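All remarks here apply to the structure that follows.
The values are calculated or read from the model by the stated rules, or taken from the named source; none is laboratory data. Keep in mind the model is a prediction, meaning the values are calculated, not measured. Quick reminder, even Gly has a Cβ in these numbers, built from the backbone with ideal geometry, and neighbours come from all protein chains shown.
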Amino acid sequence: MTYKTFFKKAPIVSLKGQPVILFDGKHSSLLEALESKKVNIFSECRNGFCGACKTTVISGDVSYITTPLAELKANECLPCCCVPETDLNLKLSCKGVEVVAKRQYNTHQPAPLLTKLAHES
Ligand code: FES
């Protein structure tokens, strides 16, 4: 086993390019992680059956905890029954969600780690 397989980097989940979650194993599914950040996402069965949580994946890969029964296109996932396998960029709104701010190198004060996006859609 190499150190790269032993020390796997925790995937970063972004919404339309805005990083919002470091998926570090505290949540059992992508849906739980999104809900913990108060991301506006609809769900019903929470078990991969109904397709209500179907989400477009802009980039990245997921792996499924249980085999999804709802029909999916190649660029879609069911957050209720998957976890990020790589950094993930989802086509979901980050309105009102705390996002990880980009680092500012030219200031004398440290950049805040979290920024509230109140006006983004
Ligand atoms: S909530 Fe039913 S498939 Fe995700």
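Quick notes on this structure:
- Test: residue in region 15-24 that is within 14 Å of the ligand (Cβ to nearest atom) and surrounded by fewer than 17 Cβ atoms within 10 Å (Cβ to Cβ): no
- When LEU69 is tested against (1) surrounded by 16 or more Cβ atoms within 10 Å (Cβ to Cβ); (2) touching a Phe, Trp or Tyr at 6+ places or on another chain (Cβ under 6 Å); (3) among the aliphatic types (A, V, I, L, M), exactly one condition is not met: (1).
- CYS53 being near the ligand (Cβ under 6 Å from one of its atoms), assigned to a loop (DSSP other than H, G, I, E, B), surrounded by 19 or more Cβ atoms within 10 Å (Cβ to Cβ) and of a type in the set (A, V, I, L, M, F, W, C): yes
- Test: residue in region 45-56 that is modelled with pLDDT of 95 or more, within 11 Å of the chain's Cα centre (by Cα) and farther than 18 Å from GLU98 by Cβ: yes
- The set of residues in region 65-75 that are away from the ligand (no atom under 11 Å from the Cβ) and of a type outside the set (Lys, Arg) comprises ILE65, THR67, ALA74, ASN75.
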